[in-house]
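Nothing in this text is a laboratory measurement; each read-out follows from the coordinates by a stated rule. A quick note: this is a predicted structure, and the numbers were derived from the prediction, not measured. Ideal geometry is used to build each Cβ from the backbone, glycine not excepted, and the neighbour counts take in all protein chains shown.
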Amino acid sequence: MSHLLQLPDWLCGVIIIGGFVLIAVAGLPLFQWLTAGRLHLTETMNNDIVSADAANIASMYRDVSGYPEPIRTDL
């Protein structure tokens, strides 16, 4: 630990931030691997979710387009 305190500030920052980035980059595939079997999410399920969200947004757009102008712009 004392070796880390003797390094310049910028190098300590690079080491600390780099360590967190490495943990995040390594943790994402690990998390996906651990949860893939438990959640049973497939690409078709994701497509259905995106389609439903798009339909909801389109419906909201149609509903809002009937309001008068100052309110329509805000919404």
In debye to the nearest 20, the charge dipole size for the chain, taken about the Cα centre with +1 at each Lys and Arg Cβ and -1 at each Asp and Glu Cβ, equals 220 debye
For the Cα atoms of the chain, what angle does the longest principal axis make with the long axis of helix 43-64, in degrees from 0 to 90, nearest 10? 50 degrees
Stretched out fully, how many nm does the piece from Val50 to Val21 gain, at 0.36 nm a residue minus the Cα gap? 7.5 nm
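Using helices alone, I'd like the mean residue ellipticity at 222 nm for the chain: each DSSP H run of four-plus residues gives -39500 (n - 2.57), total over residue count, nearest 500.
Calculated at 222 nm, the ellipticity per residue is -28000 deg cm²/dmol.
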At what distance in nm do the modelled label points of Tyr61 and Ser2 sit from each other, each positioned 7 Å from its Cα along Cα→Cβ? 6.6 nm
Relative to the compact-globule scaling 2.2 N^0.38 Å, provide the ratio for the alpha-carbon radius of gyration of the chain. 2.12
Please work out the Cα convex hull volume for segment 1-41 and give it in Å³ per residue. 65 Å³
What angle do you read, to the nearest 10 degrees and between 0 and 90, between the alpha-carbon axis of helix 9-39 and the longest principal axis of the chain? 50 degrees
